[in-house]
Each structure stands twice: as structure tokens, then as C-alpha cells.
Amino acid sequence: MNLIILFLALSRPYFPVDICQLDSTNHTHVQVTGRVTQIHTEADGDIHIRVVNRGCFVILEIIPSLPIDSPKRGDMIIARGILRFDKQHKWYELHPVESIQSIH
């Protein structure tokens, strides 16, 4: 199952979107760039990563069924995943995040 998800993640297009413009995109599969400012592991095993760029933020969620390496706090990254609006927290998130690449 994980191989199928990985194959789909590698073969689909991701649309670069500025974190400050997430509320105005129609794309569901997006790519964002920013700096990791917080990392927190939830009770359900999800890892929440706060990524900031130009004063705006997005939450990345690594889920146990699609494990990927977590970046470190302070890393500049490119993340790809499925964009959703979390109504409970009133923020945008990539859930699940499908890939994270550190950049320098």
C-alpha cells in the first residue's frame, strides 16, 4: 500500500504556492517553501510541523501510514502534499505531507 502512495506522490504534479497565498489557490496538490519553526508529535502519532515564510505559516502533517523523515527546527524546506483548511484550528495544512526536501 505504501508503495502505491509513494508512486502516486512521485508521479503527480505539485503546484508552487506562496504560503501567504494558500487561501486563494484552487490547487489541492501544492508545493510550499519556508523555514521550520516548530515540531510537535501528537498523541495519534501525527507529527505537526509549522513552516513560516514572509510572516505567514502552514502546518505540515506527517502521518504514521506515510512515514517520511522529519526536518529539524530552523531548516529551510520545500514540502509537497495535499492542501486542506483545518476548520477547528482555522489554519491551512498539508495533510498528509508527501515529501519534504531540505534546501540551503
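Could you grab me the full set of residues in region 21-31 that are farther than 16 Å from PRO96 by Cα and part of a strand (DSSP E or B)?
Within region 21-31, none qualify.
Wholly within region 32-104, which strands (runs of 3 or more DSSP E) include no fewer than the required count, namely at least 3 residues that are out of contact with any helix residue (DSSP H, G or I) (no Cβ under 8 Å at 6 or more places or on another chain) and either aromatic (Phe, Trp, Tyr) or loosely packed, with under 14 Cβ neighbours inside 10 Å (or both)?
91-103
Taken together, the values in this text are just the output of simple stated rules run on the coordinates, not laboratory data. Since we're looking at a predicted model, the values are computed, not measured. Glycine also receives a Cβ, built like all others from the backbone with ideal geometry; neighbour counts cover every protein chain displayed.
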